[in-house]
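Structure first, commentary second.
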């Protein structure tokens, strides 16, 4: 007798703790689901690594989730979504794999009536052109400007969500794409799961006419749709969350507490070796 | 007939490109030496990783240099020097291994007549207490204050060496250890090889009464002394420099150009798989 696949957890993978914003949105929308989160904290950040390395690391990490038994993989990392989706789908053909770029692009297009969209992401995600392609697939006449914001990742991990340094970094990154001699973007996509933590400073620089969108809530919608399509939704009940990381439970707990806004103790985090 | 060990290169290892400041100091002081540099850019930064992971990665990377043939290992990364020296000396007992912490501590003690010393380093180096111990070994009555400065690493890698964001980050990190209700430090140790790039902003916050010291030039002195002690100095001539990295030659070249102040092309960088 084998357990029904619907009772298996959803595996959520990120390079570190940023993907907890996606986990949070999924837990809100789908409270009956069991969630198994793996942050590859030993090898983060992915955002400055080459496409080949990102894909190799993502397949290793996802493989660990698959060995544990999951009914779906959510790639809650924009950089991994940008570079590893074909490799992940090839490696795990029997399991639905959901990334965050397509949901983020859909949210941006929906929020930009004139198609003027700015994308803030990691160096590697910008280099992939994945947002550009996903947005153009939905709206071919969209005007997209991209900006890599490497320092934002370190600031979010440090728990710097506001203050002078964050505001100055936001000005340095964002003003060039706002003041470009062409119409301002209507929307800025927070194309890295760390960036929602800095949303207040980013919004202050962008000004009132610019909406911020992130992929967490639209990714949760995509997960719900894929569960329904595969007849994989969990029975009614209260799901559990299990955290795993590849390094340093104490750091994971500390930064997760910032991301989730509730305490995560080091003893809540299982360390795994990939 | 085997080549004389003196003709072998010195192997220099860092988590990324920060150690190029140490390479530069060694090349200045010892121009006849051949230098073989390996930056573990696929797995950087080390400064937020656990001691065990740092030691494991450092031994793997040093092993690659030893396989290539080196007469000495220079650990040009404060975090690896803080956590991996015993493991490295055990793994490679036949080769002298020089770290950067003891030279940095010696420079700090020499520059602080009253023994008032601040240490700016990565989270992992601060956690190790390695600077504290090395300074106290030289001057037991020293008063040492430490500050982890994680965001500085990302800023240096981004090429942000000055400007508002750097100054605001420097204020956020450094003012608490300056204004501590006790005498100000006489010296701030730049206890991460990335931090010399931000020296101007750090000095502006620290003020004129505080000297900055880094371990690059004192590490080069330690290398010279160890070469002499082992009768390993290269014959007179002009040495070569060979760069290796574990990921992304283009990013290595771009950031190395910032660190060395001279162009390093992606084609100058050999990619290796550890």
Taking the stretch B:177-196, which residues are touching a residue at least 60 places away in the same chain (Cβ under 8 Å) and assigned to a loop (DSSP other than H, G, I, E, B)? B:183, B:184, B:185, B:186, B:191, B:192, B:193, B:194
Filter result for residue B:227 (under 20 Å from residue B:167 (Cβ atoms) and not in a loop (DSSP other than H, G, I, E, B)): no
Tell me, yes or no, whether the stretch B:45-68 has at least one residue that is part of a loop (DSSP other than H, G, I, E, B), outside the structural domain of residue B:148 (by TED's automatic domain parsing) and under 22 Å from residue B:232 (Cα atoms). no
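For (1) in a strand (DSSP E or B); (2) over 29 Å from residue A:45 (Cα atoms), each residue gets a yes or a no:
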{"site": "B:107", "(1), (2)": "no, yes"}
{"site": "B:140", "(1), (2)": "no, yes"}
{"site": "B:145", "(1), (2)": "yes, no"}
{"site": "B:151", "(1), (2)": "no, no"}
Filter the stretch B:162-184 down to residues that are in contact with a strand residue (DSSP E or B) (Cβ under 8 Å, 6 or more places away or on another chain) and at pLDDT 95 or above and give me whichever is nearest to the other protein chains (Cβ to nearest Cβ). B:173
Test: residue in the stretch A:114-125 that is within 23 Å of residue A:54 (Cβ to Cβ), within 14 Å of chain B (Cβ to nearest Cβ), assigned to a helix (DSSP H, G or I) and out of contact with any strand residue (DSSP E or B) (no Cβ under 7 Å at 6 or more places or on another chain): yes
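Let's see how each residue does on (1) farther than 13 Å from residue B:10 by Cα; (2) in contact (Cβ under 8 Å) with a residue 60 or more places away in the chain; (3) out of contact with any helix residue (DSSP H, G or I) (no Cβ under 6 Å at 6 or more places or on another chain):
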{"residue": "B:66", "(1), (2), (3)": "no, no, yes"}
{"residue": "B:80", "(1), (2), (3)": "yes, yes, no"}
{"residue": "B:84", "(1), (2), (3)": "yes, no, no"}
{"residue": "B:88", "(1), (2), (3)": "yes, no, no"}
Among (1) in contact with a helix residue (DSSP H, G or I) (Cβ under 8 Å, 6 or more places away or on another chain); (2) more than 14 Å from chain B (Cβ to nearest Cβ); (3) free of Cβ contacts under 8 Å to residues at least 60 places away in the same chain, where does residue A:58 come up short? (2)
Looking at the stretch B:212-235, can you tell me whether even one residue there is more than 24 Å from residue B:106 (Cα to Cα) and surrounded by 15 or more Cβ atoms within 10 Å (Cβ to Cβ)? yes
Which residue, of A:39, A:11, is within 14 Å of chain B (Cβ to nearest Cβ), surrounded by 24 or more Cβ atoms within 10 Å (Cβ to Cβ) and touching a helix residue (DSSP H, G or I) at 6+ places or on another chain (Cβ under 7 Å)? A:39
Mind telling me which of the residues B:84, B:112, B:108, B:61 ends up being more than 12 Å from the chain's Cα centre (by Cα) and more than 27 Å from residue B:142 (Cα to Cα)? B:61
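The values are calculated or read from the model by the stated rules, or taken from the named source; none is laboratory data. Being a predicted model, the structure only gives us computed values, none of them experimental. For neighbour counting, all protein chains shown are included, and Cβ atoms are generated from backbone atoms with ideal geometry for every residue, glycine included.
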